[in-house]
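Beneath this line is the structure, given in structure tokens, with notes to follow.
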Amino acid sequence: MDLEKLMALRAEKLTAMKIFNEAHAEMNEEDTATFAKMKAEFEKVSRDIDLLKTENKLASEVDEIIAISPVNAQAILDVENIKDFTHFMASGGVDLSKIKATMTLGAPTSGTVLVPEQWAKEIDKLLKRNVAVRKYATVIKTNGTFNMPVGDDRAVAGWIDELGAYPTSDVKFSNLQIEAFKNGVIVKVAEEFLADESFSLQSYLVEQIADATGWLEGAAFIDGDGVKKPTGLLKGIAAKNQDTLAVLDTVSIADVEDLYLKVHNTYRKRGTWIISDKFYKAVFKLKDAQGNPVWSQGFNAGEPGRLFNRPVEIDDTMLGESGEPLAFFGDISRYKIGDRGQMAIQRAEERYMEEGVVAFKVYKRVDGKLTKDDAVAVLKNA
């Protein structure tokens, strides 16, 4: 439970205690026991709040250390030092403290460094190509837990007489907390490849990291439960915006039209389709009442296909099996992705030395949440 919900729960417990106390001016033994139980529950929630506040504070301090004054040889490298950095990753023979870049070093022997900006940009580019949701979501770079106020409605303007009163909108805000969940991968590279001057370690690692983390993140952005991973689109969508096929694996033109029309035009005109390959195969040959295909190719070469004139992305992590999502439609920019700090990489020779490979351990931290539960609709398989 997040901090806002805990605070609300504590307020409820306190109100209940006050009401009970006022209703029982003189308490018997049973009343005293009931009040003691209510007080214990209130104190338990208070302890949970204190603990979560402490955890958030520690997390922010760790983020600050990573972002500003890294330890364990974490380094921020500029483009001029990419060659030295790549040489270090390939051979381990370069002392990080001698790489001429603006950096803060701890113990160089640990070998953990922040991925250089050039590498990070290439990985981000591949992630956007590989992860359908990330391509259209709003990505926020954070150095700590990010609290985002989310309104339950839009403000309403009005025409005003000279010296007249301005209309007041009763927009209620809740606090959406973008946290950070750690994911990582170990990439093995044969020693022979590292010794081969024609082998591009940078290209290989960038592609391997983007493929591995992209698949993991992509699945979480779709159906993550928020436990040690982001909260996916499916978990954030309002019940009224969810539909299920009447017959397993049978997609009709009416199903597609209903999904398209489920979201308000405000979101529809900015809408994007995120679909499974199973849904793509089902709608590719569908035609409307006039016999026109509902699917069309992109306007220009390299552009995504279109469904009802809105762009379509096929997400390979969506299998569309029974009970699983087949397709999403809506304003995917309302899904917020928080990339916390920078990606870190560590070179390790000893662990896999008998295999003749060098390992590269990479980790990053990320979260994701849908900020408007009616901005996106989903169709699930029966």
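The values are calculated or read from the model by the stated rules, or taken from the named source; none is laboratory data. Predicted, not measured: the structure shown is a model, and the values here were computed from it. Every residue, glycine as well, gets a Cβ built from its backbone with ideal geometry; the counts of neighbours run over all protein chains shown.
Just checking, does segment 303-319 include any residue being of a type outside the set (A, V, I, L, M), out of contact with any Phe, Trp or Tyr (no Cβ under 9 Å at 6 or more places or on another chain) and touching a residue at least 24 places away in the same chain (Cβ under 8 Å)? So far as segment 303-319 goes, no, none of its residues is of a type outside the set (A, V, I, L, M), out of contact with any Phe, Trp or Tyr (no Cβ under 9 Å at 6 or more places or on another chain) and touching a residue at least 24 places away in the same chain (Cβ under 8 Å). Of Ala67, Ala8, Ala101, all but one fail to be within 30 Å of Gln202 (Cβ to Cβ), modelled with pLDDT under 85 and in a helix (DSSP H, G or I); the exception is Ala67.
Do we have any residue at all in segment 199-221 that's assigned to a loop (DSSP other than H, G, I, E, B), crowded, with 18+ Cβ neighbours inside 10 Å and touching a residue at least 24 places away in the same chain (Cβ under 8 Å)? Please lay out each step first, then the result.
If we filter segment 199-221 for residues that are assigned to a loop (DSSP other than H, G, I, E, B), which is where we start, we get 199-200.
From what is left, the residues that are crowded, with 18+ Cβ neighbours inside 10 Å are none.
Taking every residue of segment 199-221 in turn, none turns out to be assigned to a loop (DSSP other than H, G, I, E, B), crowded, with 18+ Cβ neighbours inside 10 Å and touching a residue at least 24 places away in the same chain (Cβ under 8 Å).
Could you count how many residues in segment 364-382 are in a strand (DSSP E or B) and under 15 Å from the mean Cα position of the chain (by Cα)? I'd like the intermediate steps shown before the answer.
Narrowing segment 364-382 to residues in a strand (DSSP E or B): 364-370, 376-380.
Filter once more, so that each one left must be under 15 Å from the mean Cα position of the chain (by Cα): 364-370.
Going through segment 364-382 one residue at a time, the tally reaches 7.
Confirm whether Gly320 is at positive phi and either in a loop (DSSP other than H, G, I, E, B) or not assigned by TED's automatic domain parsing to the domain that holds Asp258 (or both). Explain how you work it out, then say what you get.
Values: at positive phi: yes; either in a loop (DSSP other than H, G, I, E, B) or not assigned by TED's automatic domain parsing to the domain that holds Asp258 (or both): yes.
Criteria met by Gly320.
Each residue in segment 196-216 was checked for being within 13 Å of the chain's Cα centre (by Cα) and more than 13 Å from Arg129 (Cα to Cα), and 1 pass. Every condition in (1) under 20 Å from the mean Cα position of the chain (by Cα); (2) more than 22 Å from Asp223 (Cα to Cα); (3) surrounded by fewer than 18 Cβ atoms within 10 Å (Cβ to Cβ) is met by Pro304 except one, and the failing one is (1). Checking segment 295-310 against the condition returns a match, with at least one residue being in contact with a Lys or Arg (Cβ under 6 Å, 6 or more places away or on another chain) and closer than 30 Å to Gln242 by Cβ.
Okay, residues lined up against (1) at pLDDT 55 or above; (2) in contact with a Pro (Cβ under 8 Å, 6 or more places away or on another chain); (3) surrounded by 14 or more Cβ atoms within 10 Å (Cβ to Cβ):
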site: Lys18; (1), (2), (3): yes, no, no
site: Asp50; (1), (2), (3): yes, no, no
site: Lys53; (1), (2), (3): yes, no, no
site: Asn56; (1), (2), (3): yes, no, yes
site: Ala59; (1), (2), (3): yes, no, yes
site: Val71; (1), (2), (3): no, no, no
site: His87; (1), (2), (3): yes, no, yes
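The single condition among (1) at pLDDT below 90; (2) closer than 29 Å to Lys228 by Cα; (3) aromatic (Phe, Trp, Tyr) that Phe299 does not meet is (2).
Out of everything in segment 154-175 that is part of a loop (DSSP other than H, G, I, E, B) and surrounded by 10 or more Cβ atoms within 10 Å (Cβ to Cβ), what residue ends up being modelled with the lowest pLDDT? So that I can check it myself, show each step before the final result.
Initial filter on segment 154-175 (part of a loop (DSSP other than H, G, I, E, B)): 154-172.
Then keep just the ones that are surrounded by 10 or more Cβ atoms within 10 Å (Cβ to Cβ); that gives 155-156, 158, 160, 167, 169, 171.
Working: Ala155: 66, Val156: 71, Gly158: 78, Ile160: 84, Pro167: 74, Ser169: 65, Val171: 58.
Ranking the candidates gives Val171 first.
Yes or no: segment 325-340 includes at least one residue that is at pLDDT below 90, in the same structural domain as Gln208 (by TED's automatic domain parsing) and closer than 30 Å to Gln118 by Cα. Looking through segment 325-340, at least one residue is at pLDDT below 90, in the same structural domain as Gln208 (by TED's automatic domain parsing) and closer than 30 Å to Gln118 by Cα.
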